Amino acid sequence: MRLHKLRIFLADDHAVLREGLAALIGEQMDMEVIGQASDGRIAIDQIRDCRPDVAVIDVSMPGLSGAQLTAQLLETCPEIQVVALTRHSEPGYVRQMLQAGARGYMLKQTSAAELLSAIRAVAEGRTHLDTAIAGRVVQSFVRTQAANEGAEADLSAREADVVRLTAFGYSNKEIATRLGISVKTVDTYKNRAMEKLGLHSRAALVRYAMQRGWFDES
């Protein structure tokens, strides 16, 4: 039996939707809204101050995007659970939010009952995806994981060394010194590896490294 009401924070730049959601939550015996914000930068400060059990966050907001807000928030407040609430059903948006740390991803056109179920589920540490997108998201993750594993397996040992050190922030000169090869050779290995992995920038490489758990291994 729950001893206290779930404390909910709402972050969405659409005031009508936010107020409607606040009214819906206010009707629940086991929930209460303790704060609201329409801007990502304002929201992150308020959420850190009031420490809700669950933050319901729009994916697209001024100030900070939903993914940016979620990632920054959970760096300092990992106990807060996040539910994304959005009109975006594309797997790419879902992937961004889940990788940032959200446990729920719901569409704004979902039923009130399912949204409330999602909030309760993530409050208990479970993941909840909108039923309208769950199947497609799982298929997308499976395809991406398989592609990543196949591409990484194609890297030579030296290419793998270079791409990992690059992800960790080493310059070409530092990598050359560590591996005992020339800077030009480092650049060749890096370009080759990035092409095999389908990556086009260091930022993309860092995201890839995070997905693969390289930083956890270091």
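Some points to look at:
- Of residues in region 9-45 being out of contact with any helix residue (DSSP H, G or I) (no Cβ under 9 Å at 6 or more places or on another chain) and outside any helix (DSSP H, G or I), the one nearest to Val122 (Cα to Cα): Met29
- Applying a threshold of 6 Å to beta carbon distances and a minimum spacing of six or more residues, or different chains, the list of pairs starting in region 88-99 at a residue that is surrounded by 17 or more Cβ atoms within 10 Å (Cβ to Cβ) and ending at one that is not in a helix (DSSP H, G or I) reads His88/Val59; Tyr93/Val59; Val94/Tyr105; Met97/Ala84; Met97/Tyr105.
- Residues of region 186-211 that turn out to be among the hydroxyl-bearing types (Ser, Thr, Tyr), assigned to a helix (DSSP H, G or I) and without any contact (Cβ under 8 Å) to a residue 60 or more places away in the chain, as a count: 2
- Only a single item in (1) among the hydroxyl-bearing types (Ser, Thr, Tyr); (2) part of a helix (DSSP H, G or I); (3) more than 19 Å from Ala123 (Cβ to Cβ) is not met by Thr70, and it is number (3).
- Subset of region 182-206 (residues that are surrounded by 12 or more Cβ atoms within 10 Å (Cβ to Cβ), basic (Lys, Arg) and either over 20 Å from the mean Cα position of the chain (by Cα) or at pLDDT 75 or above (or both)): Lys190, Arg192, Lys196
- Of the numbered criteria (1) basic (Lys, Arg); (2) at pLDDT below 55; (3) surrounded by 15 or more Cβ atoms within 10 Å (Cβ to Cβ), the one Arg164 fails is (2).
- Test: residue in region 78-92 that is touching a strand residue (DSSP E or B) at 6+ places or on another chain (Cβ under 6 Å) and assigned to a helix (DSSP H, G or I): no
- Arg48 assigned to a helix (DSSP H, G or I), touching a Cys at 6+ places or on another chain (Cβ under 9 Å) and among the basic types (Lys, Arg): yes
The values are calculated or read from the model by the stated rules, or taken from the named source; none is laboratory data. Quick caveat, the model's predicted, so the values are computed rather than measured. For neighbour counting, all protein chains shown are included, and Cβ atoms are generated from backbone atoms with ideal geometry for every residue, glycine included.
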